[in-house]
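In what follows, a structure is listed as structure tokens, so that the remarks can point back to it.
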Amino acid sequence: MIALEGNRRLYRVVRHGAVVGSLRPPGWRSDGAITVGDATWTLTRTGRSYAARGPRSQATGERTRWSIQWDVVGSGGSYRLESASGIRALGRQWRVLRGGAEIGRSDVRGFWTPRAALVLPDDVPPLDQAFLLWLVQDGIYRRTNGAAASLPAG
């Protein structure tokens, strides 16, 4: 299992209980970064397009209009990340597909400050694992803030 710990500005990336890197999500005006081991990738988000770029590898993702799925191309192949429930408002879990077959599933840790966790096979490269983890966390963040924004004032 790969998971995030920490706060929204700087997460620790934890795999099988050991810290293996960090994730700093991009902000409105700045790029973010994923570090796994001694490799670092720059994270960018423009509209529905997401990317992690480094000196030797990259991963890209395109979010659908309704935020129910991402199409991802990483160093280990193509993936689809989709809501496990199929209904955006109800889902807290995501499925990871490769070649149409499910290879992993997400979990959400915490209630007040939800953080992503993914169960993926070991043959998925570290960049792809961290990138998919970021996409799940971004989906959680968007749903949490969307739900809070839709509450009536007062």
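The values are calculated or read from the model by the stated rules, or taken from the named source; none is laboratory data. Remember, it's a predicted structure, so these values are computed and weren't measured experimentally. Note that we place each Cβ from the backbone using ideal geometry, even for glycine, and neighbour counts take in every protein chain shown.
Numbers below:
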item: Enumeration of residues in region 104-140 that are over 10 Å from the mean Cα position of the chain (by Cα) and closer than 16 Å to Ser83 by Cβ; result: Gly104, Arg105, Asp107, Val108, Pro114
item: Evaluation of Asp128 against (1) touching a residue at least 60 places away in the same chain (Cβ under 8 Å); (2) part of a strand (DSSP E or B); (3) among the charged types (D, E, K, R) (one fails), failing number; result: (2)
item: Those residues of region 96-142 which are over 25 Å from Gly54 (Cα atoms) and among the basic types (Lys, Arg), in sequence order; result: Arg105, Arg109, Arg142
item: Region 67-83, subset closer than 13 Å to Ile140 by Cβ and of a type in the set (Gly, Ala, Ser), residue modelled with the lowest pLDDT; result: Ser67
item: Odd one out for Arg63 among (1) farther than 17 Å from Val124 by Cα; (2) surrounded by 14 or more Cβ atoms within 10 Å (Cβ to Cβ); (3) at pLDDT 90 or above; result: (3)
item: Residue list for region 32-42, restricted to those being of a type outside the set (Phe, Trp, Tyr) and surrounded by 14 or more Cβ atoms within 10 Å (Cβ to Cβ); result: Gly32, Ala33, Ile34, Thr35, Val36, Ala39, Thr40, Thr42
item: Long-range neighbours under 7 Å by Cβ, at least six apart or interchain, first residue closer than 17 Å to Gly139 by Cα within region 1-25, second part of a strand (DSSP E or B) and of a type in the set (Asp, Glu); result: Tyr11/Glu5
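Okay, residues lined up against (1) surrounded by 14 or more Cβ atoms within 10 Å (Cβ to Cβ); (2) in contact (Cβ under 8 Å) with a residue 60 or more places away in the chain:
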| position | (1), (2) |
| --- | --- |
| Ser30 | no, no |
| Thr44 | yes, no |
| Ser49 | no, no |
| Arg56 | no, no |
| Asp71 | yes, no |
| Arg105 | yes, no |
| Ala117 | yes, yes |
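Yes/no per residue for (1) modelled with pLDDT of 90 or more; (2) part of a strand (DSSP E or B); (3) of a type in the set (A, V, I, L, M, F, W, C):
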{"site": "Arg88", "(1), (2), (3)": "no, no, no"}
{"site": "Leu97", "(1), (2), (3)": "yes, yes, yes"}
{"site": "Trp112", "(1), (2), (3)": "no, no, yes"}
{"site": "Pro121", "(1), (2), (3)": "yes, no, no"}
{"site": "Val136", "(1), (2), (3)": "no, no, yes"}
